[in-house]
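For reference, the structure is listed below as structure tokens.
No lab work stands behind these numbers, since they all come straight from the coordinates. The model shown is predicted, which means the values in this text are computed figures rather than measured ones. Positions of Cβ are backbone-derived with ideal geometry, glycine not excepted, and every protein chain shown enters the neighbour counts.
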Amino acid sequence: MGELTGGIGPAAARVAIIQVEDLVKRYRKGKTNAVDGISFSVQPGEFFALLGPNGAGKTTTISILTTTLSPTSGRVRIGGADVVTQASAVRRQVGIIFQNPSLDMNLTGEENVRFHAVLYGVYPYRPQFRLMPAAYREHVLEMAALLNIEGDVFRPIKMLSGGTRRKLEIIRSLMHRPAVLFLDEPTRGLDANGRRNLWEYLRGVQAAGTTVFLTTHYLEEAEGADSVCIINKGRIVSFGPPSRIKAELVTEHVLIDADDRERLRAELLTRGVVFAETPLFRIKLDGRSAHQLLKAIDTPLSVVTVHQPSLEDAYLSIIGKADE
Amino acid sequence: MSELGPVLAIAQRDLMKLLRDRPRLVTTLVFPLLLIGVLGGSLQANLGRHLGFDFLAFTFTGVFGQTLFQTTAQGVMSLINDRENDFSQEMFVSPISRYSIIIGKILGESLVALPQAVAIIAFALIVGIRASATQFGGLVVVGLLVCLLGGAFGVLVLSNLSSQEMAGQIFTFVMLPQYFLAGIFNPIKVLPPYLDVLSRIAPMRYAVDLGRAAFYAGRPESARVVLDSPVLDLAVIGGMFAVFLVVGTALFVRGERNR
């Protein structure tokens, strides 16, 4: 896969908020390229997901886009600014949630937020919360109400749960109203409830117009993305909307079984139905409806499961083929 | 965008970390007092009358400079710890200049060192070391300069490190020899040539010597204790500060991005 463009054609690509061209990165002691000539673009307001196995190059890519790592070659522009020569301009436009928590455990939630706000010039420096401008104090109290941490926002971060800390990081990273929010495995370490809550909040962020760039191991998180880019061994192996990736690569199938497996096997063979025993009888639908198929079978069935492809199926299929 | 606010915010963070860490606060205040009281006291009792000057006061001025220098250097090197915990990424992905981050860090760690300076001077008064308000005031001013130099030195060392573990190992290696080469506890008015060369390239020498120049100004023992003129000490400190800061910051930032 060479150059891949998000959006709907050359016109969209011209106003892309993230443009990556032939990006290569080889670490100083690396024997191979961690990122090996990838190209893609992301449109404003898009939800873009970068997927791949461990070591695929996801964190390397996001580190370069967020100016914390320099590329070996290639060109990356965020909001029109080059990440190498105009790093400061890029930093003003992006918010970042790192893979590892980046809150200072010695500070309270409010102090962490205040630190960020001052660093980005959103509010002037004041040594205490009560001396900060009214607009800031209101913002913090609103944020605390949203997270249900009104009582905890002025307590040290270590008192808060992992999920709440993550939400605090996201709110902190949005204080300077970035055009792009980078999320590097944002739900890592959270339980299912924490992940769900966090994603409810992120959907609101994206709906408000912020471009969201996500890397994740949880493929269900990428199901709602506008574009999915699958990277393996530093190269893009698939790109497009989740629906297209799923449709092109994985077909629906039905899993059936019967108490009298011999009879079922014989019937399927007689009818010319192609199947695989996995150990259940797996039959590709290939455009047929499950109802049609099952109606034609006389043998009483004990198991019937219709399997629709998920992004995870597509992903595993793609990565498996890429590894071959 | 004015970067004074971010610099102050970075500095305040370091001070708050100290004030909220009671064990660390106690340790940083007590250790230099032990050095002065125990080491200085025993050396004074056993060697003082042969040297012709108060060894306790000599140790006090040495430990004063060493403590401030080392505290700020070590504090700046905690950026390594921040990096491993990803907090420094929060600073380094912000749009402020890299120099502002480093200067904020140096300023913050200088604020962390100041309670130690106060404690050391208070202890000196308690154990009977006498000096005028001007002399103590001069020492405090020198202390601020020493903090800046220590911080810049910390940046230079930091730029060559990749982990907290390495920082701990290297720190002893670059600090401990300076204790002796700077004459914190041991007079170094006369040194063999090879040690004299090493002493003259040790930043802590000039930090300690400038403090002694301020403290011993106008006293008869000044000639036995002070090594170089204060003007030379100031010039070297200023030059080292500029070089360490510029080179150290450039190397550190490049090392952050060019992995």
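So here's what we get for this one:
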{"quantity": "Relative exposure of A:253, A:291, A:116, judged by other C-beta atoms within 10 Å (fewest first)", "calculated": "A:291, A:253, A:116"}
{"quantity": "Rg/Rh (Cα only; Kirkwood hydrodynamic radius) as it applies to the range A:1-154", "calculated": "1.06"}
{"quantity": "Signed unit charges on C-beta, dipole axis of the protein assembly as shown, positive-most listed residue B:229, B:18, B:210", "calculated": "B:229"}
{"quantity": "Theoretical ellipticity at 222 nm over chain B - DSSP helices of four or more residues, -39500 (n - 2.57) apiece, nearest 500", "calculated": "-25500 deg cm²/dmol"}
{"quantity": "Radius of gyration, Dmax [the range B:193-238; alpha carbons; angstrom]", "calculated": "10.7, 31"}
{"quantity": "The range A:114-183: GluC sites (Glu not before Pro) falling in loop per DSSP and having at most 14 other Cβ within 10 Å", "calculated": "A:150"}
{"quantity": "Largest-first ellipsoid semi-axes for the range B:1-48, taking √(5λ) over the Cα gyration tensor eigenvalues, angstrom", "calculated": "38, 14, 4"}
{"quantity": "Burial ordering of A:139, B:50, fewest other beta-carbon atoms within 10 Å first", "calculated": "B:50, A:139"}
{"quantity": "Rounded if a/c under 1.5, otherwise prolate or oblate - the range A:193-272, Cα gyration tensor axes", "calculated": "prolate"}
{"quantity": "Only Lys, Arg (+1) and Asp, Glu (-1) charged, at Cβ; chain B dipole about Cα centre in debye", "calculated": "240 debye"}
{"quantity": "Inter-label distance for residue B:223 and residue A:302, nm, one decimal - labels placed 7 Å from Cα along Cα-to-Cβ", "calculated": "10.9 nm"}
{"quantity": "Hydrodynamic radius (Kirkwood) for the range A:165-324, which is based on Cα pairs only, to one decimal in Å", "calculated": "18.8 Å"}
{"quantity": "For chain B, fraction of C-alpha pairs farther apart than 25 Å, in %", "calculated": "43 percent"}
{"quantity": "Viscosity 1.567 mPa s, 4 °C: Kirkwood-radius Stokes-Einstein D of the range B:22-123 over Cα pairs, µm²/s", "calculated": "84 µm²/s"}
{"quantity": "Charged-residue dipole, Cβ positions (Lys, Arg, Asp, Glu), the range A:127-221 about Cα centre, Debye nearest 20", "calculated": "260 debye"}
{"quantity": "Dipole magnitude of the range B:69-143, debye to nearest 20 (Cβ charges: Lys/Arg +1, Asp/Glu -1, about Cα centre)", "calculated": "340 debye"}
{"quantity": "Residue order, fewest to most beta carbons within 10 Å, for B:206, A:218", "calculated": "A:218, B:206"}
{"quantity": "Rel. contact order, % - alpha carbon contacts under 8 angstrom, at least six apart, chain A", "calculated": "20 percent"}
{"quantity": "Whole-number percent relative contact order across the range A:219-298, with pairs defined as alpha carbons under 8 Å at least 6 apart", "calculated": "22 percent"}
{"quantity": "Cα-based shape type of the range A:97-247, given that a ≥ b ≥ c are square roots of the gyration tensor eigenvalues and the cut on a/c is 1.5", "calculated": "prolate"}
{"quantity": "Flagged links, alpha-carbon separation over 32 Å, of A:58/A:167; A:25/A:158; A:233/B:17; A:158/B:105; A:31/A:284; A:167/B:105", "calculated": "A:25/A:158; A:233/B:17; A:31/A:284"}
{"quantity": "At q = 0.06, 0.12, 0.14, 0.15 Å⁻¹, base-10 log of I(q)/I(0) for chain A (Debye sum, equal scatterers on each alpha carbon)", "calculated": "-0.29, -0.89, -1.07, -1.17"}
{"quantity": "Charge dipole of chain B about the Cα centre (unit charges at C-beta), most positive-ward option of B:141, B:163, B:113", "calculated": "B:141"}
{"quantity": "For the protein assembly as shown, average projected area of the Cα convex hull in nm²", "calculated": "35.2 nm²"}
{"quantity": "Residue A:155 versus residue B:242: modelled label distance in nm, points set 7 Å from Cα along the beta carbon direction", "calculated": "5.2 nm"}
